[in-house]
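The values are calculated or read from the model by the stated rules, or taken from the named source; none is laboratory data. Predicted, not measured: the structure shown is a model, and the values here were computed from it. No Cβ is skipped: glycine too gets one built from the backbone with ideal geometry, and neighbour counts run over all protein chains shown.
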Amino acid sequence: MIFRQFFDHQSSSYTYILGSRRGGEAMIIDAVIEHVDRYLQLLGELDLKLVKALDTHVHADHISGLGALRDRTRCITVMGRHSQIDVASVRVEDGDQVDIEGISLRALYTPGHTDDSYCYHGGDRVFTGDTLLIRGTGRTDLQSGDPRAAYDSLFNKLLKLPDETLVYPAHDYRGETVSTVGEERAFNPRLQVGSADAYAEIMDGLHLPSPKMMDVAVPTNLVIGASQLAAGGGLHYEGRTGGKRILFYCAYGERSALAVATSKEAGLANIFHLLGGINAWVEAGEPIEAVD
């Protein structure tokens, strides 16, 4: 397997690229926008085609690279169902598989750090986002965090994996790169508790400062898919297609935006898509006609 780990010094964030072979498909986990050119350079050097990009949760300390990767590679963007981010073209549930050629990851819903946190387990490793860190755990005082939900995610999901499972987090502030489930169970100081209440007492007493980028990163990441408008993805786009209009739509407006861009490249015009998808249409109270 091809495996690469990138580090962003500003946010102490890790990004991961996985592929099964040179010349095959690849996926990327927790991309940082400032490093998109470097990711694409490596993908080109290894003759890999990026087909899926995942974020473990809505990040508060950096701007996600999902939108830029989608725009430049047409990759499928993936997040958990609970996320409010508008860039996801596929939304996974707990237990769903995220597959590319030769690699399969199982989505684990692990709320607590945020209410949209997911981890991804495949083979000998698990990508834990900010849920489980190396000798630490993700804070629970921001973005709908919940220490008792985090306890359940840690002890009843991640620590149920085999001890030898490699732990690859989304962050590390000391330069550690990898751990194992067994190591964290034995040596992680925040995991030496016997109840959710004891864990909540630890987390509620941390009183950590807010991430420096939070006021920018969170709102930006939530609407990062808005760049689809630049590709002619909004309802305002006009043109001609034999005198008829063509409307694309999907669940959340992400795949339909790609359909608009592809259609324009093929020479079509008078193309529209439903910004925000059927989900936004229903939330706006617009009518839906059910068909048997």
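Residue by residue, here is whether (1) modelled with pLDDT of 90 or more; (2) under 30 Å from Gln10 (Cα atoms) holds:
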{"site": "Gly175", "(1), (2)": "no, yes"}
{"site": "Ser195", "(1), (2)": "yes, no"}
{"site": "Ala200", "(1), (2)": "yes, yes"}
{"site": "Lys212", "(1), (2)": "no, yes"}
{"site": "Ala230", "(1), (2)": "no, yes"}
{"site": "Gly233", "(1), (2)": "no, no"}
{"site": "Glu254", "(1), (2)": "no, yes"}
{"site": "Val260", "(1), (2)": "no, no"}
Pair list, Cβ < 6 Å and 6+ apart or interchain, from region 120-132 residues that are small (Gly, Ala, Ser) to residues that are modelled with pLDDT of 95 or more and part of a strand (DSSP E or B): Gly122/Ser104; Gly122/Leu105; Gly129/Cys119
Return yes or no: is Val51 touching a His at 6+ places or on another chain (Cβ under 9 Å) and not small (Gly, Ala, Ser)? no
Taking region 140-171 as the search range and keeping residues that are more than 18 Å from the chain's Cα centre (by Cα) and in contact (Cβ under 8 Å) with a residue 60 or more places away in the chain, which one is farthest from Gly102 (Cα to Cα)? Asp141
Looking at Ala26, is it farther than 20 Å from Pro211 by Cβ and in contact (Cβ under 8 Å) with a residue 24 or more places away in the chain? yes
Could we say that His59 is in a loop (DSSP other than H, G, I, E, B) and surrounded by 15 or more Cβ atoms within 10 Å (Cβ to Cβ) here? yes
Out of region 111-132, which residues are assigned to a strand (DSSP E or B) and among the β-branched types (Val, Ile, Thr)? Val126, Thr128
When the residues of region 28-41 are filtered to those that are hydrophobic (A, V, I, L, M, F, W, C) and farther than 12 Å from Arg70 by Cα, which remaining residue is modelled with the highest pLDDT? Ile29
Can you tell me which residue in region 115-136 is farthest from the chain's Cα centre (by Cα), limited to those that are of a type in the set (Ser, Thr, Tyr) and more than 10 Å from Pro169 (Cβ to Cβ)? Tyr120
